[in-house]
1. To the nearest 0.05, how large is the calculated FRET efficiency for B:ALA415 and A:THR162 if R₀ is 30 Å and r is the Cβ-Cβ distance?
2. Gaussian network model of chain B, Cα springs within a sub-10 Å range: biggest mean-square fluctuation belongs to which of B:ARG170, B:ARG223, B:ARG400?
3. Using a 10 Å cut-off around each Cβ of peptide A:117-124, what is the average number of partner chain Cβ atoms that fall inside?
4. Quick check for me: using +1 on Lys/Arg Cβ and -1 on Asp/Glu Cβ, what's the dipole size of the protein assembly as shown about its Cα centre, in debye to the nearest 20?
5. Quick check for me: using +1 on Lys/Arg Cβ and -1 on Asp/Glu Cβ, what's the dipole size of the range B:331-442 about its Cα centre, in debye to the nearest 20?
6. Please report the projected area of the range B:334-402's Cα convex hull averaged over all directions, in nm².
7. Report the full-extension gain for the segment B:VAL204 to B:ARG347: residue separation times 0.36 nm, less the Cα-Cα distance, to one decimal in nm.
8. In the structure displayed, which of B:LYS85/B:LYS362; A:LYS215/B:LYS85; B:LYS216/B:LYS305; B:LYS120/B:LYS305 lie more than 21 Å apart, Cα to Cα?
Amino acid sequence: MAGGGEAGFDDATAPSGGFRKGAFGVSGSGDTSGFGGLVRVEPGGAVALHSTDRPYGGWFDEVTDALIDAVGQATYDAAVLRVLVDRGEITYFVAREHLLTLARALRDDEALRFELCSSVSGVDYLDSGGPAADATRPRLHVVLHLTSMTYRRRIRLELAVTAEDPHVPSVTGIYPTADWHERETFDMFGIVFDGHPALTRILMPDDWDGHPQRKDYPLGGVPVEYHGATIPPPDTRRAYR
Amino acid sequence: MSTVYNEADPYAGSRETTEGRVYTVTGGDWDLTFADPHDEDRLVVNMGPQHPSTHGVLRLVLDLEGETVTKARVVIGYLHTGIEKNTEYRNWVQGTTFVTRMDYLSPLFNEAGYCLAVEKLLGIEAPQRAQTIRVLVMELNRIASHLVALATFGMEMGALTGMTNGFREREMVLDVLEEITGLRMNHAYIRPGGLAQDLPEGAVESVRDLLKILPKRVADFHRLLTGQPIWQNRLKDAGYLDVTGCVALGVTGPILRAAGLPWDLRKVEPYLGYETYDFEVPTADTSDAWGRYLVRMAEVNESLKIVAQALDRLEPGPVMVEDRKIAWPAQLSLGADGMGNSLDHVRNIMGQSMESLIHHFKLVTEGFRVPAGQVYVPIESPRGELGFHVVSDGGTRPWRVHVRDPSFVNLQATAAMSEGGMIADVIAAIASIDPVMGGVDR
């Protein structure tokens, strides 16, 4: 699966919106060495927008079929927006209205048995290349990693919400371990997990403003005692991207 | 945050004067706050965040009825350092030096997990010798980490000799790690693509010497504590959590194995060739602090077995990938003034060609690019499943690094382990979880 991130992307098949950068099209520095090579940015930026076609290979098909059996084809079609197989891992992009239905089936169905929720976290894809995020391409993602201890399989569920409506149903009723994970994701990304028993900050102080791991969270510079100079915040320093 | 007082504020009565409003602030009266006519024995005790029995800066808020804990709340965040955010503003190689500082008792596991994730994103694999040395240093690190877990366990239960012995033995392991990596902790030794440098001369002999001494010391530890009636009575039935509870709360590592499930990622999802090593997964069936103590003791012996096997299969070879677009271009050697870049290597770079100098400079300042995508790589740290969710946007820096730290998840089980028990057992329960706050708060 190596290099799968670029699967299906070349000039002939590139979906509209993708573009190239790098090499001699530099910006922000006088670097024309071409060291970084030519970087092709997919239309979704860091988010691969394409969907993998069946068969997915390996046990991925088995799990997908079992999931369809468990929730029904109609619900599956509505719940799973697309499926991506990349680097030997499978990701189901899920509509938030159906997250709990899917999670319950994934945990309880005897052909699935994803008993353990390894991790819940967030990713902010603001300005990750490609066109700016909008309502059709929400920037805030919630990522759940589920583990089946029975079958020794791992899958990933991913949801996307906008910063204006950052509501996601809480899976704490299905996976109690998600309690602190969801509090951390709320703390760091401002994603609100509806139905969580006590969604409060966990790592930052209770009266903190803002959500530090959002990409537009303002970072501080460091003042130095030399002619009033300041070391600029890390996101505004000159750097290679 | 400024507190807004008003007349309804029970803690600060006020009256108007010609100088303005004057408040009368009195100390918090717990009787008034928590007065409950039906339940006069209820007492709220705040323990930590600077309490010697709370493993660093963990804060516990306990509701007590007599000596019985009715509610245990865990407050964390006192050691939050924003490591995940920091990695987003450094290049991929620099990430190693950040993640190694999270769970400071198992730095090499943090490095290995991070590097395996980056390598999976890149689609590369470290050379065989590098993989074997990674296993070697990780298992040494597991021994050191378990020794601290056992030492602090002893300290918190009042067996101070256990503490001094455990830390003494751990220091011997750290001496060997220092000889190999240059530092006792926070090594930054494992790098994407391989290792910072090969084993130095004499390191193999040092490890072999350690392997001769440690089994005897582990046996001494058993003689000191395992048969002791006080030790047994403090630990047995304390902090009970069965398999169902563990899985629901996401608890992994020695706690889950002490509940009877032989779930060890080195066996069930092998990485770095663990499937080729001969070792057992120790379990217990007691689901309590006693079982966790025994499991950790047994795991030290299993790690010693793995270290011995890793030494035997060390073959000469490179410890960094061949690809010069990824491999870190430094080469360290011991000079008259200490460890530094090898002079031969510097002469080689400076003398070769302008292009090779540029390449060297660019790889160090700009770093390599990693194809866009995301991976989740779990490894078995001394405390359980250490997972790295790493996202790349195709650039020279990670877009997001999320660490599923086992201490963070396991600590959620505190309430389930301690509520309904005695207050003294809370200490046993926390000690048996072995949380490392650097990893919990990151």
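Rule-based calculations on the coordinates, nothing more; no lab input. Because the structure is predicted, anything quoted here is derived from the model rather than measured. All Cβ positions, glycine included, derive from the backbone under ideal geometry; neighbour counts span all protein chains shown.
1. With a Förster radius of 30 Å, E is 0.30.
2. Evaluated over chain B, the most mobile residue of the options is B:ARG223.
3. 6
4. Using only the charged Cβ atoms, the result is roughly 1740 debye.
5. It works out to roughly 420 debye.
6. That works out to 7.7 nm², a quarter of the Cα hull's surface.
7. Full extension from B:VAL204 to B:ARG347 adds 48.5 nm.
8. B:LYS85/B:LYS362; B:LYS120/B:LYS305, as the Cα separations exceed 21 Å there.
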